[in-house]
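Trainee: Can you keep this structure in mind? I'll have questions shortly.
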Amino acid sequence: MNTMFPQKGLHWKLLERELWESRMADAPWRHGSTYMYWPDPGDNLHLVAKEAATILYNHRLLGRTGNPSALKVETEVKQMVLEILGAPEGAATTLTAGGTESNYHAVKVARDWAREHLPEARAPEVVTPYTAHPSFDKAAQILDMKIVRVPVGADFRADVGAMAEAIGANTVMLVGSSPAFPHGRIDPIAEIAALAQERGLRCHVDACVGGFLVPFLRKLGRELENFDFAIPGVSSISADLHKFGLAPTGISSFSLRDDADLAHQRFAFDNWPYGSYATDTFAGSRNASAVAGAWAVMKHLGEDGYLEKARDIVRITDLLQSGIEAIDGLKLVAPPEAGIVLYGADGFDIVAVADGLDARGFKSRWCKEPPSIHLLVSPLQDEQIVVEYLDALAGVVAEVKAGTIKRKSQEAIYA
Ligand SMILES: *Cc1c(COP(=O)(O)O)cnc(C)c1O
């Protein structure tokens, strides 16, 4: 007998109440966490995205079944992505389900590109800094390839010399992140790209976090390393719209400098009764609603809007930085560059601090190496919540030092 799947369908009003009730257990969005870019701010931008997503609710993106409305938002979002990433003529972008899929395409394109351009690389490998996202290894597992992770420098940025040493006969691509998730540092992309170019390899930039933040921070005059297609050796870029692009969850982008490389990404097939079938994405049928949400957010904010959000991030980051540094024993692990703030403790257990913050409603994430609390700055959180966070933090640190809060968590978890 079914215990979950009802025999008789239930009234929507009942289900609606159940959903809202279950939502009450969720962390309040203002308190934020690693994954909550903007779950429910209830602000204007959220409403715009939600309404746009609803208008194209369940519209499908797939070849000939595509609706003109869905194709329109997809085409326009792609064009905006390419403009923001400084793409040259002849570049191409694909809207994917998320950063994991975008990085998958980078690895797949490298493998198939190498079959043509580097036939001596029989067991293709990708060289990444140790800080690169696990999605590269996930892709490599699927594609039967190998990821060679190279230790980073003391500043947590890619060690380009060490990457050069790791290049072997099977290497087909180098990767850099802008920024890498664990420490929020931007790798020296220009150096990595130059090395790739010199060795005749591909260079992929994982800008899943910074793709729609770093360009605007740079326009505000922040001195951050560039990562985009203005750097000649960059072959492809992943950039998540559902992170600092502020779009609803379920949309990222994978861009290629040269649209000829789409041939290495595309799946095209003809050997069945229905005739020709081709997709550039992992999924077949895709829902256009996240694309419509992204379209509305990008058009509604415009460049000025993203600059404003970038300014908010700088302001909140500075506030966090000075507040954290004012607490005795806490120190930033690295200078915050693009939306990630990381701090550790001197002389007491930072994991216990994370547990204490959890108990006060600030769900904390922490990084294992070095042990530190990992914050993702949301441009949709106001200064008031930062003040409340810092207040809670000071209280928790005092309790950890006094021994009244002890560590509960055992391991860093990213799941
Ligand atoms: C989030 C992230 C990804 C993966 O993105 P998903 O959208 O979770 O699939 C890839 N790279 C970096 C650096 C990330 O932070």
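Trainee: Between GLN321 and GLU308, what is the label-to-label distance in nm when each label sits 7 Å out along the Cα-to-Cβ direction?
Mentor: So the two model labels end up 2.4 nm from each other.
Trainee: If R0 is 25 Å, what FRET efficiency do you get for LEU71 and ARG266 from their C-beta distance, rounded to 0.05?
Mentor: Details: r = 17 Å, r/R0 = 0.69.
It comes to 0.90.
Trainee: What would the Debye formula give as log10 I(q)/I(0) at q = 0.09, 0.15, 0.20 Å⁻¹ for the alpha-carbon point model of the range 195-311, no solvent?
Mentor: Computed log10 I(q)/I(0) values: -0.33, -0.82, -1.17.
Trainee: Taking Cα atoms of the range 101-211, Rg/Rh with Kirkwood Rh, to two decimals?
Mentor: On the way: Rg = 12.6 Å, Rh = 13.5 Å.
That ratio is 0.93, to two decimals.
Trainee: Among ASN44, ALA345, ALA334, which residue has its Cα furthest toward the positive end of the charge dipole of the chain, with +1 on Lys/Arg Cβ and -1 on Asp/Glu Cβ?
Mentor: Highest projection toward the positive end goes to ASN44.
Trainee: Collect residues whose amide H, placed 1.01 Å from N in the peptide plane, falls under 5 Å from the amide H of GLY211; neighbours closer than 5 in sequence don't count.
Mentor: ASP240
Trainee: Tell me the Kirkwood hydrodynamic radius of the range 152-243 in angstroms, computed as one over the mean inverse distance between distinct C-alpha pairs.
Mentor: Details: mean 1/r = 0.0752 Å⁻¹.
Computed over the range 152-243, the radius equals 13.3 Å.
Trainee: Can you list residues from other chains, or at least 5 along the same chain, whose modelled amide H is less than 5 Å from the amide H of VAL150?
Mentor: THR128, TYR130
Trainee: Report the equivalent ellipsoid semi-axes for the chain in whole Å, largest first, defined as the square roots of five times the eigenvalues of the gyration tensor built from alpha carbon atoms.
Mentor: Numbers: eigenvalues 241, 176, 87 Å².
Those come to 35, 30, 21 Å.
Trainee: In whole percent, what relative contact order does the chain give with Cα contacts below 8 Å and a gap of six or more residues?
Mentor: Values: 771 pairs, mean separation 81.6, N = 415.
That works out to 20 percent.
Trainee: Contour minus end-to-end for ASP280 and LEU332, with contour as 0.36 nm per residue of separation and end-to-end as the Cα-Cα distance?
Mentor: Details: separation 52, 0.36 × 52 = 18.72 nm, distance 4.13 nm.
Gain on stretching ASP280 to LEU332: 14.6 nm.
Trainee: Using a basic spin-label model with each label point 7 Å from the Cα along Cα→Cβ, how many nm lie between LEU10 and ILE55?
Mentor: The answer from the label model is 3.3 nm.
Trainee: Enumerate the aspartates and glutamates that LYS368 could reach by cross-link, defined here as Cα to Cα under 14 Å, with residues fewer than 8 away along the same chain left out.
Mentor: ASP349, GLU411
Trainee: In whole Å, what are the Cα extents of the range 330-415 along the three principal axes, biggest one first?
Mentor: Result, largest extent first: 34, 27, 25 Å.
Trainee: Follow-up question, since we're still on this one. Over the range 318-413, what is the relative contact order in whole percent, taking alpha-carbon pairs under 8 Å and six or more residues apart? List each step's numbers first, then the result.
Mentor: On the way: 131 pairs, mean separation 28.2, N = 96.
Computed over the range 318-413, the figure is 29 percent.
Trainee: Follow-up question, since we're still on this one. For ALA288, which sequence-distant residues (separation of 5 or more, or a different chain) have an amide H within less than 5 Å of its own amide H, given hydrogens modelled in the peptide plane?
Mentor: ASN58, HIS59, ARG60, LEU61
Trainee: Continuing with this model, one more query. Please work out the Kirkwood hydrodynamic radius for the range 71-159, using every pair of different C-alpha atoms, and report it in angstroms with one decimal place.
Mentor: 15.0 Å
Trainee: Once every DSSP H run of n ≥ 4 in the chain is given -39500 (n - 2.57) and the sum is divided by its residues, what mean residue ellipticity at 222 nm do you get, rounded to the nearest 500 deg cm²/dmol?
Mentor: Working: 12 runs with 164 residues, N = 415.
Rounded to the nearest 500, it is -12500 deg cm²/dmol.
Trainee: Here's something else I'd like to know. Expressed in nm², what is the orientationally averaged projection area of the convex hull enclosing the Cα positions of the range 305-353?
Mentor: Values: hull surface 14.3 nm².
Seen from a random direction, the Cα hull of the range 305-353 projects 3.6 nm² on average.
Trainee: Ignoring any ligand, DNA or RNA, what whole percent of the accessible area of the chain comes from carbon and sulfur when the probe is 1.4 angstrom?
Mentor: On the way: 10660 of 19770 Å².
Of all accessible area on the chain, carbon and sulfur atoms account for 54 percent.
Trainee: Using a 1.4 angstrom probe, figure out how much accessible area the range 328-400 has per residue, in square angstrom, rounded to the nearest whole. Walk me through the numbers before you get to the answer.
Mentor: Details: 2570 Å² over 73 residues.
With the other protein chains kept in place, the range 328-400 gives 35 Å² per residue.
Trainee: Could you sort GLU388, GLU125 by accessible area so the largest value comes first, with the probe set to 1.4 Å?
Mentor: Working: GLU388 70, GLU125 35 Å².
Final ranking, largest accessible area leading: GLU388, GLU125.
Trainee: Sticking with this structure for a sec: If each residue of separation counts as 0.36 nm, what is the full-extension length gain between GLU116 and LEU143 once their alpha-carbon separation is subtracted?
Mentor: 8.1 nm
Trainee: Please report, in cubic angstrom per residue, the volume enclosed by the convex hull of the alpha-carbon atoms of the range 263-402. Intermediate results must be reported in sequence, preceding the final value.
Mentor: On the way: hull volume 26.6 nm³, N = 140.
Spread over its residues, the Cα hull of the range 263-402 gives 190 Å³ apiece.
Trainee: Let me ask you something else. Counting only heavy atoms of the protein chains, get the accessible area per residue of the range 61-195 (1.4 Å probe) and round it to a whole Å² value.
Mentor: 40 Å²
Trainee: Using a 10 Å cut-off on Cβ atoms, rank the peptides 311-320, 179-188, 14-23, 326-335 from the highest mean neighbour count down. List each step's numbers first, then the result.
Mentor: On the way: 311-320: 17.5, 179-188: 25.7, 14-23: 9.8, 326-335: 15.5.
Taking the mean over residues of other Cβ atoms within 10 Å, the ranking is 179-188, 311-320, 326-335, 14-23.
The values are calculated or read from the model by the stated rules, or taken from the named source; none is laboratory data. Since we're looking at a predicted model, the values are computed, not measured. Please note: Cβ atoms are built from the backbone with ideal geometry, for glycine as well, and neighbour counts cover all protein chains shown. Only protein heavy atoms, including side chains, enter the accessible area calculation; ligands, DNA and RNA are left aside. Shrake-Rupley method; radii C 1.70, N 1.55, O 1.52, S 1.80 Å.
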